[in-house]
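Structure first, then comments.
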Amino acid sequence: MTDDDEHAPSKSRRFGWRQVTLWILLGLIVAPILISAAQLALKKRPHWSIASHVSTGQAPDPALTPEPVVQVYAARTWGLKGSVAVHTWITSKRANADHYDRYEIIGWYLYRGNTALVRGPGRPDAMWFSNYPDLLVDLRGDGVESIIDKVEAAVDAYPYASTYRTWPGPNSNTFTAFVGRQVPELGVDLPPTAVGKDYLTNGALMGPAPSGTGYRVSLWGLVGAMAAWKEGIELNFLGLVVGVNFQPLALKLPGLGRLGFK
């Protein structure tokens with residue numbers, strides 16, 4: 001045996017590291033997506049044309065709520081995309097207003113005109129194609145009126161209103177994350193299934209986390225990382241997020257979202 005042979009790594013050792021890497025990828029990325037896809041396949045889903053958009057009762061009745069309100073929601077998208085992604089939107093009601101305004105990006109609206117940005121009166125807590133929405137932010141009372149002013153200014157400043165790409169962005173989650181970065185008072189913590197949230201505007205490689213409690217680096221939403229007090233630690237690979245939340249403690253996985261305490 002030569003000296004080179006003695007110092008060279010063994011084939012079994014090299015193969016062992018490959019196995020470990022493969023199992024990590026399978027366990028943290030592939031398996032969660034397959035489980036989520038199986039859950040979606042087993043779920044009874046109506047055709048999109050008759051899917052429900054009824055209110056879920058999570059937003060306070062404006063007739064009984066004189067105080068201003070801001071809420072942010074996320075719901076699984078329609079079709080196969082729903083196994084890995086959610087659609088997010090923002091709603092607001094000014095003091096003594098009799099309705100909510102809703103702000104979101106809807107890709108197919110580009111076929112109707114030159115913008116995918118939808119804003120105006122709407123059901124704040126409606127089902128999204130029969131998918132129940134999760135309430136991410138619920139702010140009411142003192143100081144919320146000024147937050148609404150900032151939200152509307154951020155909506156006006158969104159640079160991709162006439163551009164839409166399902167993956168890696170800009171899409172509906174890019175929009176919500178953008179508003180969150182512009183208005184850190186929202187404190188929005190988007191779920192790991194908000195594919196597109198890591199797409200930073202104007203080609204930036206670094207920016208604040210949507211909650212305003214940390215920072216993220218991202219290469220066009222394809223590869224990146226984030227560390228923030230509210231969102232925890234995230235690694236983004238091809239738009240799929242793996243990470244951990246610290247408050248509350250939870251594991252973040254592609255497709256399945258957060259697994260842990262609420």
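Find all pairs meeting these conditions: Cβ atoms under 9 angstrom apart; at least six residues apart or on different chains; first residue within the stretch 114-141 and under 16 Å from Lys93 (Cα atoms); second residue of a type in the set (Phe, Trp, Tyr) and assigned to a loop (DSSP other than H, G, I, E, B).
Matching pairs, first to second residue: Pro121/Tyr100; Gly122/Tyr100; Arg123/Tyr100; Pro124/Tyr100; Asp125/Tyr100.
Pro254 is checked against (1) crowded, with 24+ Cβ neighbours inside 10 Å; (2) closer than 26 Å to Ile147 by Cα; (3) at pLDDT below 95 and fails just one. What number does that condition carry?
Among (1) crowded, with 24+ Cβ neighbours inside 10 Å; (2) closer than 26 Å to Ile147 by Cα; (3) at pLDDT below 95, Pro254 violates only (2).
If you check Leu139 against the conditions, is it at pLDDT 95 or above, assigned to a strand (DSSP E or B) and closer than 23 Å to Arg45 by Cβ?
Details: at pLDDT 95 or above: yes; assigned to a strand (DSSP E or B): yes; closer than 23 Å to Arg45 by Cβ: no.
Here the answer is no, as Leu139 does not meet what is asked.
Among residues belonging to the stretch 218-239 that are of a type outside the set (Gly, Ala, Ser) and buried (at least 22 other Cβ atoms within 10 Å of the Cβ), point out the one that is nearest to Val137 (Cα to Cα).
Step one: list which residues in the stretch 218-239 are of a type outside the set (Gly, Ala, Ser), which gives 219-220, 222-223, 226, 229-231, 233-238.
Next cut, buried (at least 22 other Cβ atoms within 10 Å of the Cβ) only: 226, 231, 234, 236.
Values: Met226: 20, Glu231: 14, Glu234: 20, Asn236: 23 Å.
Going through the qualifying residues, I end up with Glu231.
Please find, among Val155, Val151, the residue that is of a type in the set (Val, Ile, Thr), surrounded by 18 or more Cβ atoms within 10 Å (Cβ to Cβ), in contact with a Phe, Trp or Tyr (Cβ under 6 Å, 6 or more places away or on another chain) and in a helix (DSSP H, G or I). Walk me through how you get there before you give the answer.
On the way: Val151 fails: in contact with a Phe, Trp or Tyr (Cβ under 6 Å, 6 or more places away or on another chain).
Testing whether each residue is of a type in the set (Val, Ile, Thr), surrounded by 18 or more Cβ atoms within 10 Å (Cβ to Cβ), in contact with a Phe, Trp or Tyr (Cβ under 6 Å, 6 or more places away or on another chain) and in a helix (DSSP H, G or I) leaves just Val155.
Go through the stretch 44-92 and give me each residue that's closer than 24 Å to Val188 by Cα and among the hydroxyl-bearing types (Ser, Thr, Tyr).
Ser55, Thr56, Thr65, Tyr73, Thr77, Ser83, Thr88, Thr91, Ser92
Of the residues that sit in the stretch 129-148 and are within 13 Å of Pro184 (Cα to Cα) and surrounded by 13 or more Cβ atoms within 10 Å (Cβ to Cβ), which one is nearest to the chain's Cα centre (by Cα)? So that I can check it myself, show each step before the final result.
The first filter runs over the stretch 129-148 and keeps only residues within 13 Å of Pro184 (Cα to Cα), leaving 137, 139, 144, 146-148.
Subsequent filtering for residues that are surrounded by 13 or more Cβ atoms within 10 Å (Cβ to Cβ) retains 137, 139, 144, 147-148.
On the way: Val137: 13, Leu139: 19, Val144: 23, Ile147: 21, Ile148: 20 Å.
Among them, the one singled out is Val137.
Report those strands (runs of 3 or more DSSP E) wholly inside the stretch 59-118 carrying at least 3 residues which are surrounded by 15 or more Cβ atoms within 10 Å (Cβ to Cβ) and either hydroxyl-bearing (Ser, Thr, Tyr) or at pLDDT below 95 (or both).
Values: elements: 69-76, 86-93, 101-105.
Strands (runs of 3 or more DSSP E) meeting the threshold: 86-93.
A quick yes/no check of all residues on (1) charged (D, E, K, R); (2) at pLDDT below 95:
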site	(1), (2)
Gly196	no, no
Gly203	no, yes
Gly221	no, yes
Glu234	yes, no
Val242	no, yes
Asn245	no, yes
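Scanning for something more than 28 Å from Pro121 (Cβ to Cβ) and free of Cβ contacts under 8 Å to residues at least 40 places away in the same chain, does the stretch 143-154 turn up at least one residue?
First, the residues of the stretch 143-154 that are more than 28 Å from Pro121 (Cβ to Cβ): none.
So far as the stretch 143-154 goes, no, none of its residues is more than 28 Å from Pro121 (Cβ to Cβ) and free of Cβ contacts under 8 Å to residues at least 40 places away in the same chain.
Residues that are of a type outside the set (Lys, Arg), in contact (Cβ under 8 Å) with a residue 40 or more places away in the chain and in contact with a strand residue (DSSP E or B) (Cβ under 7 Å, 6 or more places away or on another chain): list the strands (runs of 3 or more DSSP E) wholly contained in the stretch 159-262 that include at least 3 such residues. Steps first, please.
Numbers: elements: 206-208, 214-219, 223-228, 232-237, 240-246, 249-253, 257-260.
Once the strands (runs of 3 or more DSSP E) in the stretch 159-262 are filtered for at least 3 residues that are of a type outside the set (Lys, Arg), in contact (Cβ under 8 Å) with a residue 40 or more places away in the chain and in contact with a strand residue (DSSP E or B) (Cβ under 7 Å, 6 or more places away or on another chain), what remains is 240-246.
The values are calculated or read from the model by the stated rules, or taken from the named source; none is laboratory data. Remember, it's a predicted structure, so these values are computed and weren't measured experimentally. Neighbour counts are summed over all protein chains in view; Cβ atoms, including those assigned to glycine, are modelled from backbone coordinates with ideal geometry.
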